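Since the structure comes first, as structure tokens, the remarks are kept for the end.
Throughout, read-outs are computed from the coordinates displayed, never taken from laboratory work. The structure presented is a predicted model; accordingly, all values stated were derived computationally and were not measured. Glycine gets a Cβ as well: all are built from the backbone with ideal geometry, and neighbour counts include every protein chain shown.
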Amino acid sequence: MFQPGHQPVEWLVSRMTTTDADVPALRTMKFRILAETARAMATGVTNVALGRASASTVVLRVGDRAPEFVAQASDGATYRLTDFLGRKPIVIAWFPKAFTSGCTAECRSLATYGAALASANVQCFGASCDTPALNAEFADALGLPFPILSDPDRAMARAFGVLTASGFASRCTFVIAIDGRIIHIDKQVRTSSHGSDVVARLMELGIS
């Protein structure tokens with residue numbers, strides 16, 4: 001879930017924009033990333049050991065119809081799959097936990113390529129099992145140009161086949177075509193380059 005090899009916290013904090021260059025704020029962000037990562041790892045191990053969560057048995061494949069969803073997002077809006085059918089492709093980047101190191105790196109990478117995704121008429125979403133309030137705080141802290149879908153009851157994560165026995169979503173990104181069918185699934189997300197990886201895959205799929 002929280003794989004080794006993520007960018008160190010110092011690197012993540014150093015990537016803050018100049019508007020975030022207040023030293024106390026950066027120090028606070030660094031400590032929060034460390035604390036949330038450690039807390040999430042401990043929670044995940046405990047959930048597995050005590051059987052508190054059951055992993056999804058759903059296995060989605062390219063060509064399958066994406067599960068319908070209704071989810072509140074970090075921007076306060078509620079989004080549905082049907083909102084985009086016939087209009088634009090969707091990218092849904094599932095991640096385990098807001099404010100953890102890998103998820104921070106992944107979302108910042110996607111944000112870097114926000115303009116490219118928008119110019120391709122693609123709706124990008126982050127998604128996690130965090131509460132709307134926490135995801136709103138996370139999106140605001142990183143200045144994300146895309147909403148994060150919240151799934152605190154884990155129904156959406158279960159439907160997408162990403163819910164793990166840890167109680168968190170696995171790191172997995174889906175690309176959904178305008179007809180509602182899944183056209184790409186990335187289960188080997190490289191957090192620090194995910195934005196460029198997604199844009200490159202969209203170009204290969206003829207979406208640019």
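Odds and ends about this structure:
- Where only C-alpha atoms are counted, convex hull volume of the chain per residue in Å³: 110 Å³
- Lys/Arg +1, Asp/Glu -1 at C-beta; the stretch 9-204 dipole; positive extreme among Leu50, Ser119, Phe31: Leu50
- Value of [θ]222 nm, deg cm²/dmol, for the chain, DSSP H segments ≥ 4, -39500 (n - 2.57) each, nearest 500: -11500 deg cm²/dmol
- Share of pairwise Cα separations in the stretch 62-115, more than 19 Å, in percent: 43 percent
- Counting neighbouring Cβ atoms within 10 Å and putting the fewest first, the residues Met156, Met41 line up as Met41, Met156.
- Two-decimal Rg/Rh across the stretch 20-125, once Rg and the Kirkwood Rh are taken from alpha-carbon atoms: 1.03
- Ranking of Arg27, Arg158 by count of other Cβ atoms within 10 Å, fewest first: Arg27, Arg158
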